[in-house]
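Taking it in order: structure first as structure tokens, then the write-up.
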Amino acid sequence: MERLSERVAIVTGGVGGIGAAVARTLAAEGASVVVADIRDTEGANLADELGGRSRYLHLDVTLEDDWQRALAETERDLGPVSVLVNNAGGVDWGPMEEQSPESFRRVVDVNLTGAWLGMRAVAPSLRRAGGGVIVNMSSLAGLTAYAGVGAYAASKWGLRGLTKVAALELAPDRVRVCSVHPGAIRTPMTAGFGDAYTEGQPIPRFGEPEEVARMVLFIVAEATFSTGCEFIVDGGVLAGAPTVLDPDD
């Protein structure tokens, strides 16, 4: 069943990990998917794999001119955009005192400013499409804190707030805006983490990119009464510590 056969979707950071899984999932449901990334060879290969009317576009999400060009080419070739998945992101590890201002700004520029530029650029196209959905890829670090990822957490908390603002502003145009908050997902970003990292979770394993992609699909195709809210894919981490409290102890 192709539930998205009339949709045109842009997926940023669409080449690897969660982005590629989202692109494949939306394409499998009939959407025309624009794989947007800065890794041109991998992006072109993925677009060829997706087939149909899907294609690759070079897009640096931190550049307003790139957004305007990507949107113009998408509308020219495919029509108005009805789905935007702001997935592009990055992280620098280390305590605040060791992170340079340039590193902090770079992470925030990609994760937060890039999503803002994307929503700002694509909003008119969503109106021309008669409405649509924006999914912002935040993180569990946008709901709680982790030491050593100050810029990443700041950007993901900021993206959570920006999602709510966009949901309010775009609601009259029949545009829904939600954020997704993955926990430990098996991607290149978590390649250095061993299996012990997830042992204390209620679901004691890494999630797979396809599980996040299915949440994105649910938001786009099924969650039609949801906007401005968070969807969590974390293996139960935020449920609390799996400790049994014995009043006799």
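The values are calculated or read from the model by the stated rules, or taken from the named source; none is laboratory data. Predicted model only: the values in this text are computed from it and were never measured. Methodologically, a virtual Cβ is constructed for each residue, glycine included, from the backbone with ideal geometry; neighbour enumeration extends over all protein chains shown. All accessible areas refer to the heavy atoms of the entire protein, side chains included, with ligands and DNA or RNA removed. Shrake-Rupley method; radii C 1.70, N 1.55, O 1.52, S 1.80 Å.
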Being in a helix (DSSP H, G or I) and over 18 Å from Val61 (Cα atoms) is the filter here; which residues of region 1-40 pass it?
Ala21, Arg24, Thr25, Leu26, Ala27, Ala28
Residues that are surrounded by fewer than 18 Cβ atoms within 10 Å (Cβ to Cβ) and without any contact (Cβ under 8 Å) to a residue 60 or more places away in the chain, drawn from region 209-227:
Glu211, Phe218, Glu222, Ala223, Thr224, Phe225, Ser226
When you check Gly192 against the structure, is it at pLDDT 95 or above and either surrounded by 14 or more Cβ atoms within 10 Å (Cβ to Cβ) or more than 27 Å from Ser5 (Cα to Cα) (or both), yes or no?
no
With the condition kept exactly as written, say whether any residue in region 82-97 is out of contact with any Pro (no Cβ under 9 Å at 6 or more places or on another chain), modelled with pLDDT of 95 or more and part of a helix (DSSP H, G or I).
no
For region 75-130, which positions are open to solvent by 20 Å² or more (accessible area, probe 1.4 Å), hydroxyl-bearing (Ser, Thr, Tyr) and in contact (Cβ under 8 Å) with a residue 12 or more places away in the chain?
Thr113
Of the candidates Ala47, Ala36, Ala72, the one satisfying the condition of being open to solvent by 10 Å² or more (accessible area, probe 1.4 Å) and either of a type outside the set (Lys, Arg) or under 27 Å from Arg128 (Cα atoms) (or both) is Ala72
Inside region 136-189, can you point out the residues that are open to solvent by 30 Å² or more (accessible area, probe 1.4 Å), of a type in the set (A, V, I, L, M, F, W, C) and part of a helix (DSSP H, G or I)?
Ala154, Trp157, Leu162, Val165, Leu168, Ala171, Met189
Quick one: Gly52 ticks every box in (1) open to solvent by 70 Å² or more (accessible area, probe 1.4 Å); (2) assigned to a helix (DSSP H, G or I); (3) touching a residue at least 12 places away in the same chain (Cβ under 8 Å) bar one, so which box is it?
(2)
Would it be correct to say that Val220 is assigned to a helix (DSSP H, G or I) and at pLDDT 95 or above?
yes
